[in-house]
1. Please enumerate the residues belonging to the range A:44-66 that are in a strand (DSSP E or B) and within 14 Å of chain B (Cβ to nearest Cβ).
2. How about the range B:54-104: which of its residues are part of a strand (DSSP E or B), of a type in the set (Val, Ile, Thr) and closer than 21 Å to B:ILE35 by Cβ?
3. Within the range A:170-181, how many residues are surrounded by fewer than 21 Cβ atoms within 10 Å (Cβ to Cβ) and touching a Ser or Thr at 6+ places or on another chain (Cβ under 6 Å)?
4. Is the range B:90-105 home to any residue that is away from every other protein chain (no Cβ under 14 Å), within 17 Å of the chain's Cα centre (by Cα) and farther than 19 Å from A:MET93 by Cα?
5. Could you go through the range A:124-139 and let me know if any residue there is open to solvent by 10 Å² or more (accessible area, probe 1.4 Å), modelled with pLDDT under 95 and at positive phi.
6. Which of (1) open to solvent by 80 Å² or more (accessible area, probe 1.4 Å); (2) in a helix (DSSP H, G or I); (3) among the basic types (Lys, Arg); (4) within 14 Å of chain B (Cβ to nearest Cβ) does A:LYS96 not meet, given it meets every other one?
Amino acid sequence: MFRNQYDNDASTWSPQGCIFQVDYASEAVKQGTAVVGLKSKTHVVLVAVKRSPSELASYQKKIIRIDDHMGIAVAGLTSDARVLSNYLRTEAMRSKMVYGRALPVGRAVSAIGDKAQTNTQEYGRRPYGVGLLVIGHDDTGPHLYEFSPSGIVSEYYGYSIGARSQSARTNLERNFERFEELSLQELVVQGLRALRDTMPQGKQLDSMNTSIGFVGMDTKMTILDGDGTQPYLDQLDEAEAMDTE
Amino acid sequence: MDLAMQARPMEAPIEAHNHNRWSPYVDNGGTTLAIAGADYVLVASDTRQSDGYLINSRYSPKAFVLSNNAVLGTSGCSADSKRLYEVLEQRAQLYQHRHDRQISTPALAQLLSNTMYSRRMLPYYVFPVLAGIDAKGAGAAYSYDAVGNMQRVTGVCFGSASALIQPFLDNQVRFKNQRDADPNRLLTREEAFKIAVDAFTSATERDIYTGDYLEIFIVDAAGAHKEMRELKHD
């Protein structure tokens, strides 16, 4: 994309039917490190690569807990992600207070989808510069959704966003029909295998830069970092030895 | 002399009192007590909910377990008690989101005090006790009035039978008015449990608003554990 006369604000259409500011916001998502989400009959899992700005710094948090039954993974402007996750948390608590039940995942993503849409239609506002993979478990089972700066929300069996995520999506496309019957452990390892495909040459997934999140029937939203990821990363190496792909 | 200029003796102005006024408050009866120990804390409350001479429910719990394993025991207005629990639980969850860890018992205690005082002009008609494990691993019980005045205690009772039970706790838990007792001794779990059960079975005999079922929560480092006993239904 090059600069043009239709890209100054979010309230201008281009003749081809694009709102360039929204498209540019999606570019910010592609700058973030990759995150992968995938689901089985009972669980849904997120795996993410964390980035550290320098050796002195900590690794940026990629997976955020929204409620006992819901979590998100983030790619893009982390500050925008924080705002959206605070909003989701409030909505989740409000749902429990008002209706006495956990917020259904579909409603949650509709809420942020609507919120993001207003930023694509008002003069003077900018779209959110973050994409999310939202996972959750409600009374209709496990769910995985993608949220994008345009406000468009889609549900998936498996998906990936962020830098080099196409490699992960290709991996998921080849394997997703097997996901339904997998155990939670196997599902996490599958996710790591897809995530590994997004790593640049010479870089590995290790316990410092990997984050795992999962939720499901009888499993509260759990996030693993550091040593907690090691058992799954070890299985990844074993699986590599038996890889038949 | 002009009669009109004669001063009349001053009379007290007659005040109009509307004795038929609707009150937003109702006392649903029932009793709650708390006993703090060296490494546990106990909360016991009956489950009868009444409105005057009517029983609304024989099983309407008055003590609630919070997500940080503290227990909120309540007495007074049932609706306000439930709402207070919901509001407090929300605040505890918000704390967990912001700090990435569970709220501590002393912090929650202060939070409860502030929450109640924020409604100074239309108070929660609740006399709560908050029980949990403190930072040192000791049992902590905090008692409050309806506007949030907070005090850390070892043995306290609120509710319709408080006048019957509190003196009993003063003597048997705090060892008041016992000449040769050690006032700093804390009860074991078994002792506290027996005292709680005895307090309620006795209070049930004399207080019409107390009875039906007794719920006893014991909170320690492992979490909150509940037991139930039957009380007389009359």
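The values are calculated or read from the model by the stated rules, or taken from the named source; none is laboratory data. The model shown is predicted, which means the values in this text are computed figures rather than measured ones. Cβ sites come from the backbone with ideal geometry, for glycine too, and all protein chains shown count toward neighbours. Heavy atoms of the whole protein, side chains included, go into the accessibility calculation; ligands, DNA and RNA do not. Shrake-Rupley method; radii C 1.70, N 1.55, O 1.52, S 1.80 Å.
1. A:ILE63, A:ILE64, A:ARG65, A:ILE66
2. B:VAL65, B:VAL71 - these are the residues of the range B:54-104 that are part of a strand (DSSP E or B), of a type in the set (Val, Ile, Thr) and closer than 21 Å to B:ILE35 by Cβ.
3. 1
4. Among the residues of the range B:90-105, at least one is away from every other protein chain (no Cβ under 14 Å), within 17 Å of the chain's Cα centre (by Cα) and farther than 19 Å from A:MET93 by Cα, which makes the answer yes.
5. yes
6. Of everything listed in (1) open to solvent by 80 Å² or more (accessible area, probe 1.4 Å); (2) in a helix (DSSP H, G or I); (3) among the basic types (Lys, Arg); (4) within 14 Å of chain B (Cβ to nearest Cβ), A:LYS96 misses just condition (1).
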